[in-house]
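Trainee: I am attaching a structure below and will ask some questions about it afterwards.
The values are calculated or read from the model by the stated rules, or taken from the named source; none is laboratory data. Model, not experiment: these values are computed from the prediction. Cβ placement follows ideal geometry from the backbone for every residue including glycine, while neighbour counts extend to all protein chains displayed. The area values use the complete protein model at the heavy-atom level, side chains included, leaving out ligands, DNA and RNA. Shrake-Rupley method; radii C 1.70, N 1.55, O 1.52, S 1.80 Å.
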Amino acid sequence: MFEIRKSQPGDASALAEVWRRSVRATHHFLSEEDFRQIDILVSQQYLPQADLWLAVDGAGAPVAFLGLSGTHVDSLFVDPAVRGQGIGKLLLAHVGQMPQALTVDVNEQNGQAVSFYLKQGFVQTGRSATDGDGRPYPLLHLRRAAPPALPPVKEISVRLAAPADIPTLFAVRTSVLQNHLSRSQMLEWGVTPETTRQLMAQSPCIWVGEVNGEVVAFATADVEGGSVFAMFIRPGFEGLGLGRRLMAEVEALLFRHHELIWLETDGRDPVRANGFYLKLGWTLAAELEEGDVRYEKRRPA
C-alpha cells in the first residue's frame, strides 16, 4: 500500500538514494563522471529545496518522487525495488488532475521512461540533441493534452454532511494539490473517519458541495475554537462558486457563537486560497511558522 504526500525538509537524503538507485537501473548510458556531477546537483541543490510529491510505503519511507514546475514534470524517479507496481502512474495521475496539459523532457536513451510516458498519453513534440546542460544525451520533448472538460453542470448544491459522506470527504481531502495532507499525516493530527463521525454526532458542523449529485467539496467548522477547520475542493471543480457557498454556511454558524473567527492556511503566493479568503473579506492577521498565515474576520455589525 503506497500513499502520496508532499515532501518535507528531512526527506532529501532518502530521496537522493532513491534517485541514485533509479538512475543506476535505467540510465546506463551515463558516463561515471556525468553521473557524479549530476548526483551533486541533484542531492545538494535540487532535492533540498524542491517542492515534490512523494510516494511512501507503509512504513512512511519514500520510494518515488515527482517534481512539478507549473505544468512541467521536471523529475519522476521510482526506486527499482518497487518498479512495476504502478507507483509512477499513481504520482502522474495525482498531478494530472490539473485542467492543463502536462509536459516532460525525457532522455531518448532511457527506453523504459519513453515507453512509460507514451503509455500515459504523452506524445512527442520535439527533440534536442543534448540535455539541458549540453551533455551528449538527447532529450525528447513530450506533451499530454489537458484532461477532458467536465460534463455540463446541471445542478450545484450545498448540504450538511452525513456519515455516509465520510469516505468521500477523505478522498477530496487527499486529492488536492495545494495544502495537501496524506491520510497518514491526517492520522498524526487525530483526523480519522471515526473522529469525523464523532464530530458529526456532536453538532452539525460539516457541509458538502455537490455537482450533479456528486460530492466534490466540503468545509468544516470548529465551533468551540471559533475557526474554519477545513475547506477543500476537488481539482477541476474550482470556479463554480462552491467555496463561497460553503464558507457562507461555516461563517454563519461560527458567528452565532463568536464575534471574531479565524483560520490558518499556507501563505505562499501561489496558493489560491489566500486570494479567495481576501475576496471574502478576511483579513491577514499574522504570519506563522513554515510559511503559514492566520486570517481573521469579525462578525458584521
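Trainee: Do you know which residues across segment 234-254 are modelled with pLDDT of 95 or more, open to solvent by 30 Å² or more (accessible area, probe 1.4 Å) and among the hydrophobic types (A, V, I, L, M, F, W, C)?
Mentor: Across segment 234-254, the qualifying residues are ALA248, ALA252.
Trainee: For segment 36-85, what are the residues that are of a type in the set (A, V, I, L, M, F, W, C), farther than 22 Å from LYS119 by Cβ and assigned to a helix (DSSP H, G or I)?
Mentor: Answer for segment 36-85, where residues must be of a type in the set (A, V, I, L, M, F, W, C), farther than 22 Å from LYS119 by Cβ and assigned to a helix (DSSP H, G or I): ILE38, ILE40, LEU41, VAL42, LEU47.
Trainee: Does any residue of segment 137-160 turn out to be loosely packed, with under 11 Cβ neighbours inside 10 Å, not basic (Lys, Arg) and not in a loop (DSSP other than H, G, I, E, B)? Outline the logic, then answer.
Mentor: As a first pass, look at segment 137-160 and keep what is loosely packed, with under 11 Cβ neighbours inside 10 Å: 148-149, 151-155.
Keeping just the survivors that are not basic (Lys, Arg) gives 148-149, 151-153, 155.
Subsequent filtering for residues that are not in a loop (DSSP other than H, G, I, E, B) retains none.
No.
Trainee: Can you pull out every residue in segment 43-73 that is closer than 10 Å to ALA12 by Cβ and within 15 Å of the chain's Cα centre (by Cα)?
Mentor: ALA50, LEU52
Trainee: Quick check: is even one residue across segment 107-122 over 24 Å from the mean Cα position of the chain (by Cα), closer than 25 Å to GLU3 by Cα, open to solvent by 30 Å² or more (accessible area, probe 1.4 Å) and modelled with pLDDT of 95 or more?
Mentor: Yes, the conditions are met somewhere in segment 107-122.
Trainee: Would you check which residues across segment 187-209 are crowded, with 17+ Cβ neighbours inside 10 Å and either more than 22 Å from GLY239 (Cβ to Cβ) or among the acidic types (Asp, Glu) (or both) and list them? Talk me through it step by step, then tell me what you get.
Mentor: Residues of segment 187-209 crowded, with 17+ Cβ neighbours inside 10 Å: 191, 196, 199-200, 205-209.
Result: VAL191, THR196, LEU199, MET200, CYS205, ILE206.
Trainee: With respect to ARG173, is the statement that it is closer than 15 Å to THR220 by Cα and exposed (fewer than 15 other Cβ atoms within 10 Å of the Cβ) true? Can you show your working first?
Mentor: Values: closer than 15 Å to THR220 by Cα: yes; exposed (fewer than 15 other Cβ atoms within 10 Å of the Cβ): no.
So ARG173 fails the test.
Trainee: From the list GLY213, GLY236, GLY241, GLY226, which one is under 30 Å from PRO152 (Cα atoms) and in contact with a Leu (Cβ under 7 Å, 6 or more places away or on another chain)?
Mentor: Numbers: GLY213 fails: in contact with a Leu (Cβ under 7 Å, 6 or more places away or on another chain); GLY241 fails: in contact with a Leu (Cβ under 7 Å, 6 or more places away or on another chain); GLY226 fails: under 30 Å from PRO152 (Cα atoms).
Of the residues listed, the single one that is under 30 Å from PRO152 (Cα atoms) and in contact with a Leu (Cβ under 7 Å, 6 or more places away or on another chain) is GLY236.
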